[in-house]
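The values are calculated or read from the model by the stated rules, or taken from the named source; none is laboratory data. All values derive from a computational prediction rather than experimental measurement. We place every Cβ from the backbone using ideal geometry, glycine too, and count neighbours over all the protein chains shown.
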Amino acid sequence: MITKRQAQTLSCVIPGLNEAENLPALLPVLVATLRELVPAFEIIFVDDGSTDATPLVIEQLRQTYPQLVYLQLSRNFGKEAALTAGLEASRGQVVVCMDADLQHPPALIETMLERWSTGLEMVYAVRETREDEVWLKRVGTSVFYKLMRTSNGLRVPRDAGDFRLMDRCVVDALMALPERSRFMKGLFAWVGFPSEPIYYSPAERLYGVSRFRPAKLLRFAVDGLTAFTTWPLRLLSLLGAVLAMLSFSYGLFIIFKHLIYGDAVRGWTTLITVVLFFAGVNMLSLGVVGEYVASIFAEVKNRPLYLVHRRRGQGLAPDQEPA
Ligand code: UDP
Ligand code: MG
């Protein structure tokens, strides 16, 4: 018989930017769910520089739900940094990350916890469909996962978001990673540990619109690729070598043709096309190299990932920490 482990403490980490309308809907459901599952829990809401009524709403909610911890960052640092801040503050034996907009159904936490109790260290939710998204986003996502997959044996699970449950050992491993660029999907995959997906269909965002507009998503994808792959750099060297070889052979061909047949050199159109083409390839290559240099620059500056403006609420007491 397999002995199941029982979670004593749970932390729920929620990064949020301007979620004043969603929070009063989320909290009661979440608290009711967690009460059924564990003896003690904390809900860490990381305010990623909200400019709406979020701080006030949280202050009110904290009267009703003492388990709620409010961590206000000094400005908007982006979801990845906010998530890191929340994970760093969490003390639970298991930690759940979820969005504030009710796209991640709290009901799923029970299934996740059940899977954890059988010995898995990480259970991540994978969206079953992308039918709710426009085709351009679907194509883009598909290309992104294909590009990502070529990275040195690392498999970033397709369509897995940040909605997941982790054991303390996974959180500690994540926090020990020194890098500044926190592409969480990649880091979750990188740390490994026995993990399994569960499938769900995300609900519609309750209030407001997604903060990840196409331009921001593209930026996000490029950050992920530069943080986890090096093949674009190798591809460029290869491309350079092949083009150099081709042009050298063509050069030889023209010289011999001229020597044997005495052809006059013609072809301004071909020349200008080739020159422009290679100027384009050069610029593109420089751009790709530049992306990598920029991410190295961000790392060496070694600035903190986020700054906390203030913290309200106790959360789990340190003595509730598992031994
Ligand atoms: N979010 C954040 N900082 C940001 C952008 C988003 O903390 O700069 C939060 C947001 O409040 C939500 C979660 O990240 O809780 C997911 O964002 P959103 O719903 O806009 O994205 P999508 O669901 O489309 O991926
Ligand atoms: Mg959302």
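Considering only the range 94-103, I want to know if a residue exists there that is surrounded by 22 or more Cβ atoms within 10 Å (Cβ to Cβ), under 30 Å from Q67 (Cα atoms), over 18 Å from the mean Cα position of the chain (by Cα) and more than 16 Å from ligand 1 (Cβ to nearest atom). Yes; the residues of the range 94-103 include at least one that is surrounded by 22 or more Cβ atoms within 10 Å (Cβ to Cβ), under 30 Å from Q67 (Cα atoms), over 18 Å from the mean Cα position of the chain (by Cα) and more than 16 Å from ligand 1 (Cβ to nearest atom). Within the range 163-187, the set of residues being at pLDDT below 90 and either assigned to a strand (DSSP E or B) or of a type in the set (S, T, Y) (or both) comprises S181 only. Residues that are under 26 Å from L120 (Cα atoms) and among the hydroxyl-bearing types (S, T, Y) within the range 186-238 comprise S195, Y199, Y200, S201, listed in sequence order. Any idea which residue in the range 196-218 is surrounded by the fewest Cβ atoms within 10 Å (Cβ to Cβ), counting only those that are over 18 Å from F163 (Cα atoms) and more than 10 Å from ligand 1 (Cβ to nearest atom)? The selected residue is A215.
Would you call D263 surrounded by 14 or more Cβ atoms within 10 Å (Cβ to Cβ) and of a type in the set (D, E)?
no
Could you say which residue among L259, L286 is farther than 25 Å from W231 by Cα, assigned to a helix (DSSP H, G or I) and either modelled with pLDDT of 85 or more or of a type in the set (D, E, K, R) (or both)?
Numbers: L286 fails: farther than 25 Å from W231 by Cα.
Of L259, L286, the one residue that is farther than 25 Å from W231 by Cα, assigned to a helix (DSSP H, G or I) and either modelled with pLDDT of 85 or more or of a type in the set (D, E, K, R) (or both) is L259.
When the range 187-209 is filtered for residues that are touching a helix residue (DSSP H, G or I) at 6+ places or on another chain (Cβ under 9 Å), of a type outside the set (A, V, I, L, M) and either within 16 Å of ligand 2 (Cβ to nearest atom) or without any contact (Cβ under 8 Å) to a residue 60 or more places away in the chain (or both), the ones remaining, listed by number, are W190, G192, Y200, Y207.
Run down F193, F183, F163 and say which single residue is within 19 Å of L10 (Cβ to Cβ), within 16 Å of ligand 1 (Cβ to nearest atom) and either over 14 Å from the mean Cα position of the chain (by Cα) or among the hydrophobic types (A, V, I, L, M, F, W, C) (or both). It would help to see each step written out before you state the result.
On the way: F193 fails: within 16 Å of ligand 1 (Cβ to nearest atom); F183 fails: within 19 Å of L10 (Cβ to Cβ).
Within the list F193, F183, F163, the selection yields F163.
Per this entry, E291 is not counted among residues that are part of a helix (DSSP H, G or I) and touching a Lys or Arg at 6+ places or on another chain (Cβ under 9 Å).
Which is within 16 Å of ligand 1 (Cβ to nearest atom) and either touching a helix residue (DSSP H, G or I) at 6+ places or on another chain (Cβ under 8 Å) or not charged (D, E, K, R) (or both), of L177, L136, L154? Walk me through it before giving the result.
Numbers: L177 fails: within 16 Å of ligand 1 (Cβ to nearest atom); L154 fails: within 16 Å of ligand 1 (Cβ to nearest atom).
On inspection, the qualifying residue turns out to be L136.
Applying a threshold of 6 Å to beta carbon distances and a minimum spacing of six or more residues, or different chains, the list of pairs starting in the range 59-83 at a residue that is touching a residue at least 24 places away in the same chain (Cβ under 8 Å) and closer than 16 Å to D223 by Cα and ending at one that is among the β-branched types (V, I, T) and within 14 Å of ligand 1 (Cβ to nearest atom) is empty. Reported count of residues in the range 12-27, each being modelled with pLDDT of 95 or more and more than 13 Å from ligand 1 (Cβ to nearest atom), is 0. For the range 205-253, a residue qualifies if it is more than 17 Å from V156 (Cβ to Cβ) and touching a Ser or Thr at 6+ places or on another chain (Cβ under 6 Å), and exactly one does: L236.
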